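The values are calculated or read from the model by the stated rules, or taken from the named source; none is laboratory data. The shown structure was predicted, so the numbers you read here are calculated from the model rather than taken from an experiment. Virtual Cβ from ideal backbone geometry, glycine too; neighbours counted across all protein chains shown. Ligands, DNA and RNA are excluded from the accessible area calculation, which covers all protein heavy atoms including side chains. Shrake-Rupley method; radii C 1.70, N 1.55, O 1.52, S 1.80 Å.
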Amino acid sequence: MPKYLWQVTYSSEGAQGLLTEGGTARREAITRMVESIGGTVESCYFALGGQDLFVIGDVPDEVAAAALGIRTAASGAARSESVMLLTPEQIDDAVRREADYRAPGS
């Protein structure tokens, strides 16, 4: 199952909800959402800086990942960016694959 990193930024409405519900309630809601499409949440961390929340988890495929992003955006409370993560073994497989590539200007 593909692993994703979701980088979440709250709108002012989402931040207000976080003030009301707290972090553990939000983590539970996120876990329920991911599990509802057949996925699992590995970790969930709030952060300071450009993004407000980082979630790592597995979902069945890219369509499931898109469904999560669309539902999140439609709420108006947050925006998420999905990043597919690869294992070192997957990179080993990638570097063994041949690809016909020409560098720009070559």
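Quick look at the numbers
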{"read-out": "Over 25 Å [Cα-Cα, the chain], rounded percent", "value": "31"}
{"read-out": "Antiparallel bridges, percent of DSSP beta bridges restricted to the chain (to nearest 5)", "value": "100"}
{"read-out": "Evaluated at q = 0.19, 0.23, 0.29 Å⁻¹: base-10 log I(q)/I(0), Debye formula over Cα of region 52-100", "value": "-0.75, -0.90, -1.14"}
{"read-out": "Note, ³J(HN,Hα) from phi for region 13-28, Karplus 6.51, -1.76, 1.60, rounded to Hz, x at Gly and Pro", "value": "5, x, 5, 5, x, 5, 4, 6, 8, x, x, 5, 5, 5, 4, 5"}
{"read-out": "Interchain or long-range residues, amide H under 5 Å from Glu42's placed H", "value": "Ile56, Gly57, Asp58"}
{"read-out": "Where the chain is the region considered: accessible area per residue in Å², 1.4 Å probe", "value": "69"}
{"read-out": "With every protein chain in place, the chain: carbon and sulfur % of accessible area (1.4 Å)", "value": "55"}
{"read-out": "Test item: Cα-centred dipole of the chain, Lys/Arg +1 and Asp/Glu -1 on Cβ, debye", "value": "240"}
{"read-out": "Phi-based couplings in Hz for region 67-81 (Karplus 6.51, -1.76, 1.60; Gly and Pro marked x)", "value": "4, 5, x, 5, 4, 5, 5, 5, 5, x, 8, 7, 10, 10, 10"}
{"read-out": "Those chymotrypsin sites (Phe, Trp or Tyr not before Pro) in region 1-102 that DSSP places in a loop and that have at most 13 other beta carbons within 10 Å", "value": "Tyr101"}
{"read-out": "Long-range HN-HN contacts of Ser11 with modeled amide H, under 5 Å", "value": "Ala78, Arg79"}
{"read-out": "Charge dipole (the chain, unit charges on Cβ, about Cα centre) - positive-most of Val63, Pro104, Val8", "value": "Val8"}
